[in-house]
Every structure is written in structure tokens, then in C-alpha cells.
Amino acid sequence: MSLRTRLALVFVAATLLPLGATLWLTSFLLDQSLRLRPVDQISSLSRSLEKTGREYYRQACEQLKADALSGRAAPRRFAAGDEALSTVEEFRNSEESERFVRTGDRGTVLQYLVRTPKGVSVWERPLAIRMQDLSEEIGKARQTASRDFRRGFFVAWGLLAAAIWMVALGLVWFVASRFSRPIVNLTGALKSLAEGNFKVRVLNDRTDEIGLATAAFNRTAAELEQNRDRLVYLTQLASWQVLARKMAHEVKNSLTPIRLTVEEMVARHDEPNAEGRRAFLGQAADIVVDEIESLERRIRAFSEFSSEPPVCPEPLDIQALVEERIAFLRTAHPEVRYAVEAAGKTPSALADQDLVKSILVNLLENAAEAAGDGGQILARVAAFESQIAIEVHDSGPGLSDLARKSLFQPTISFKKRGMGLGLSIARKSALLSGGDILLIAGELGGAGFRVLLPTGTK
């Protein structure tokens with residue numbers, strides 16, 4: 001969970017409870033204050049007024065009817081052919097026997113209409129109040145009383161409070177984003193720095209504590225980059241110094257016998273025995289030539305170790321390549337017995353052919369020298385996980401603990417024709433081909449190596 005989300009959740013947790021309490025208390029107080037409005041009294045008064053009006057109207061109708069029946073009031077008669085009022089005409093067209101109608105100015109006259117054989121008789125009586133005005137006032141009172149002011153007010157108050165809270169939450173989210181973004185950037189830069197990217201820097205335009213922490217990180221990253229560069233340079237310099245010392249030692253080993261031989265040649269220059277002097281000069285020449293060839297091999301080996309040959313990967317039949325190298329080396333080491341094993345049909349490898357050949361020659365030559373007369377060498381080709389594996393085992397004495405520690409490092413070799421760079425060059429070639437060389441347990445009592453190469457198929 002990000003820091004921004006945590007800050008927003010803290011705001012929600014810190015404000016919801018006080019907000020709920022505030023809403024409840026405010027609603028309670030508003031409810032008590034709104035109850036003082038005469039809404040209920042208006043509703044009660046409208047009902048009472050309506051009841052009173054209905055009762056008054058009923059009594060007026062009964063009184064007018066009684067006066068009409070007792071003869072205390074004289075009617076107006078409208079014959080069938082007479083031009084009658086609209087109310088009379090409407091009553092005449094109906095099937096009713098009698099009807100009460102309010103007429104006059106807004107219902108101030110009450111009429112009693114009765115159907116007779118001679119026409120329609122109408123009795124009238126004035127009313128003390130305007131019945132239409134009374135009906136309208138009662139309707140207005142009912143409409144006012146029917147409005148739920150408290151509910152509407154509470155809904156509006158709740159929406160307003162929710163809107164204010166949402167705006168506050170948005171502001172907190174915005175502030176949290178601005179607050180957490182530099183921390184997120186700094187955390188990502190720290191992760192990148194831990195992964196070895198010493199060039200990473202964080203843009204900083206702040207002057208607060210976060211800005212100070214960012215500036216400190218940038219300074220630390222710059223110092224680490226400088227220290228890394230110095231350390232790499234010193235390490236490389238130390239490595240080349242070691243190689244230079246080893247090279248000087250090897251050259252000295254070859255120059256010493258050359259110097260001694262030349263001094264001996266000078267000392268025997270005046271020797272009277274011409275035959276003996278001639279034999280010695282021939283022997284001395286062989287020694288000098290042999291040492292010069294040794295120097296050339298050393299220089300060539302160092303040149304190959306420091307060079308970066310172009311890599312041209314192509315599909316290779318590794319089994320055929322191994323058999324070809326062994327057939328080539330059998331003539332050079334007839335005293336060694338070779339065996340080749342293949343675990344079924346193996347896929348082709350995608351590697352540089354010259355680099356793979358040099359790797360095989362190096363490993364097979366070392367195995368032959370280690371096995372000696374009557375020794376055995378086993379070469380095996382098989383699929384290993386998603387790669388092609390070439391294993392070389394010999395029946396030699398194996399490797400000492402000291403040799404295992406510096407096996408693939410450039411070092412001094414005590415072999416007759418060795419430089420100590422063969423395995424270093426071989427592993428470098430394997431790495432350039434996308435693989436590697438590993439030391440494994442020997443199956444013939446001696447050393448064992450496994451060359452891993454990428455396959456030619458995806």
C-alpha cells in the first residue's frame with residue numbers, strides 16, 4: 001500500500017467518527033428547533049376550519065330546505081320553455097330531483113333546486129362567508145402543512161456536509177500525492193542504486209526535510225560512483241600489474257638460459273677443439289631457438305587473452321565438432337585413449353565455430369597432458385536443461401585445492417608448454433558465445449569440465 005493511500009485512509013479514519021458525531025448532534029438540535037414551527041398547528045387548524053365550513057354549509061342547506069318545505073321562503077319557478085340560468089339548465093338536463101348550488105360572488109348565495117311538474121323551483125339564501133375563499137384558504141393551509149421541512153432540511157444539510165468532506169478528502173489526496181511523490185522517487189532511486197546503477201539521480205526542487213534527504217542521496221550516489229570508478233580502475237591496474245609481473249617472470253625465465261648460453265659461447269670462442277666447439281654451438285643454438293619460441297608463445301598467449309575477437313554465432317553440430325577435434329588430436333597424443341558419448345540426438349548449438357574449436361582444443365590438450373601415457377579421456381555431448389553441454393573427463397591426478405581456487409584466473413603455469421592463460425581464454429570464449437565453463441566431478445578419477453552453449457532453437 002502506497003504512502004499516499006495510507007495518508008488518505010488516516011484522514012478517513014480520523015474524520016469519519018467526528019463527522020458522524022457532528023451530524024448527529026446538529027441534526028438533533030435542528031430537529032428540536034424546527035419543531036417550534038407551527039406546522040402541526042396549521043394542519044390542525046386547517047382540518048378544524050374545514051370541518052367548521054362543512055358543518056356551516058350543511059346547516060345552511062338544511063335550513064334552506066326546511067324553509068322551502070314549510071313555505072317560509074318563496075321560490076322562483078322556471079318553466080321548460082323559459083330562458084333559465086346555466087345552473088338551472090344544467091339541473092334540468094340531469095336526472096336529479098333536487099340539488100344545492102353555491103352561486104353569487106365567490107359562493108355567497110346558496111340555491112336549492114327542486115324538479116316539479118311545472119318546471120324547476122329555486123330557493124335562495126345568502127351565506128355569511130365566501131365559501132370559495134374558505135376552500136382556497138383551507139387548500140393553502142393543507143399544502144403548507146403537507147411540506148416536510150425537516151426532512152428536506154436534513155437532506156440538504158447531509159449533502160452539504162458530504163460535499164465538504166469529499167472536497168477535504170480531495171485536498172488531502174492532492175497534498176498526500178505531492179508529499180509522497182518525492183518519497184516514491186527517492187525509494188525507486190535507492191532500489192536502482194542497490195541494483196548497481198550508480199548514475200541514478202533524483203530531481204530536487206524542495207528545501208524541506210525531504211529535499212535535504214534527496215540532496216544527501218544525490219551526494220551519496222555521486223560519491224559512490226566516484227569510488228566505484230576508482231575501485232574499478234585500481235582493480236584493473238592491480239590485475240594488469242599481476243599479469244605484468246607474471247609476464248616479466250616468464251620472460252626472465254627464458255632470458256636467463258639465453259644469457260647463460262651466450263656467455264658460454266663467448267667463453268668457448270677460443271677453444272682449440274674445433275669439433276667440440278662446433279657441437280656446443282649447435283646445442284647452444286637449439287637452446288636459444290627453443291627459448292625464443294617459448295617467448296613467442298607467451299607473447300601470443302597474452303595477445304589472445306587481451307584481444308576481443310569478433311563473434312559470429314551459427315548453428316553447430318557439436319557432436320561432429322567434438323569427434324573432429326578428437327580425431328585431430330589422436331595423432332598428436334597416440335598414447336591416450338579417447339572415447340566419445342552422445343545422449344541421443346542433441347539439438348544444434350548457436351555459437352562461434354572458431355571459439356568452440358579453441359575451447360575444445362584447450363580442454364582436450366589439458367586432459368591429454370594430465371592423463372599421460374596409457375591415460376583415458378571421455379568426451380560427452382548431451383542436452384543440459386535449455387543448453388548444450390560438452391563434458392571432458394580425464395584419468396589424470398586431478399586438481400589440487402590451490403589449483404581449484406584460481407582455476408580460471410590468469411596465472412603462472414608449471415607445464416612444459418603452458419602459460420596459465422589457456423582456461424582463462426577458453427572461459428572467455430565460452431562467455432562470448434553466450435555460455436560458460438564449469439568444473440565438475442571427474443568420472444575417470446581426474447578432472448572434469450562442462451562447457452555450456454546456447455541451443456540453436458528457441
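The values are calculated or read from the model by the stated rules, or taken from the named source; none is laboratory data. Keep in mind it's a predicted model, so treat the numbers as computed, not measured. Cβ sites come from the backbone with ideal geometry, for glycine too, and all protein chains shown count toward neighbours.
Consider region 384-409 and keep the residues that are of a type in the set (A, V, I, L, M) and without any contact (Cβ under 8 Å) to a residue 60 or more places away in the chain. The one that is farthest from Thr455 (Cα to Cα) is Leu402. Restricting attention to region 430-458 and to residues that are within 16 Å of Ile388 (Cβ to Cβ) and assigned to a loop (DSSP other than H, G, I, E, B), the residue that is nearest to the chain's Cα centre (by Cα) turns out to be Lys458. Of all residues in region 101-124, those being in contact with a helix residue (DSSP H, G or I) (Cβ under 7 Å, 6 or more places away or on another chain), surrounded by fewer than 17 Cβ atoms within 10 Å (Cβ to Cβ) and modelled with pLDDT of 80 or more number 1.
Checked across region 212-229, the condition of being at pLDDT below 80, surrounded by 12 or more Cβ atoms within 10 Å (Cβ to Cβ), part of a helix (DSSP H, G or I) and in contact with a Pro (Cβ under 8 Å, 6 or more places away or on another chain) holds for no residue. For region 200-211, the tally of residues that are surrounded by 12 or more Cβ atoms within 10 Å (Cβ to Cβ) and either closer than 18 Å to Val232 by Cα or touching a Ser or Thr at 6+ places or on another chain (Cβ under 9 Å) (or both) stands at 4.
Residues that are part of a loop (DSSP other than H, G, I, E, B), free of Cβ contacts under 8 Å to residues at least 60 places away in the same chain and closer than 30 Å to Leu49 by Cβ do not occur anywhere in region 112-124. Applying the set (1) in contact with a Ser or Thr (Cβ under 6 Å, 6 or more places away or on another chain); (2) at pLDDT below 75 to Pro315 leaves exactly one unmet item: (2). Residue-level check: of (1) surrounded by 21 or more Cβ atoms within 10 Å (Cβ to Cβ); (2) modelled with pLDDT under 90; (3) out of contact with any Leu (no Cβ under 7 Å at 6 or more places or on another chain); (4) not aromatic (Phe, Trp, Tyr), Ile437 misses just (2).
If a residue has to be under 30 Å from Ser424 (Cα atoms) and modelled with pLDDT of 85 or more to count, how many in region 198-211 make the cut?
From region 198-211, those under 30 Å from Ser424 (Cα atoms) are 198; that's our starting set.
From the residues that got through so far, the ones that are modelled with pLDDT of 85 or more too are none.
Residues in region 198-211 being under 30 Å from Ser424 (Cα atoms) and modelled with pLDDT of 85 or more: 0 in total.
Under the condition of being in a helix (DSSP H, G or I) and buried (at least 20 other Cβ atoms within 10 Å of the Cβ), which residue from region 403-423 is modelled with the lowest pLDDT?
First pass over region 403-423, keeping only residues in a helix (DSSP H, G or I): 403-405, 422-423.
Subset that is buried (at least 20 other Cβ atoms within 10 Å of the Cβ): 422-423.
Values: Gly422: 75, Leu423: 82.
Among them, the one singled out is Gly422.
A quick yes/no check of all residues on (1) in contact with a Ser or Thr (Cβ under 8 Å, 6 or more places away or on another chain); (2) among the basic types (Lys, Arg):
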| site | (1), (2) |
| --- | --- |
| Lys345 | no, yes |
| Leu355 | yes, no |
| Arg380 | no, yes |
| Ala389 | no, no |
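Pairing residues of region 47-58 that are of a type in the set (Phe, Trp, Tyr) with residues that are surrounded by 14 or more Cβ atoms within 10 Å (Cβ to Cβ), at Cβ distances under 7 Å and at least 6 apart in sequence or on separate chains, gives Tyr57/Met131.
Taken over region 365-383, residues that are of a type outside the set (Lys, Arg), under 49 Å from the mean Cα position of the chain (by Cα) and either under 15 Å from Phe449 (Cβ atoms) or surrounded by 20 or more Cβ atoms within 10 Å (Cβ to Cβ) (or both) amount to 3. Which ones in region 194-211 are within 22 Å of Phe179 (Cα to Cα) and either assigned to a loop (DSSP other than H, G, I, E, B) or in contact (Cβ under 8 Å) with a residue 40 or more places away in the chain (or both)? Across region 194-211, the qualifying residues are Val200, Arg201, Val202, Leu203, Asn204, Asp205, Arg206, Thr207, Asp208.
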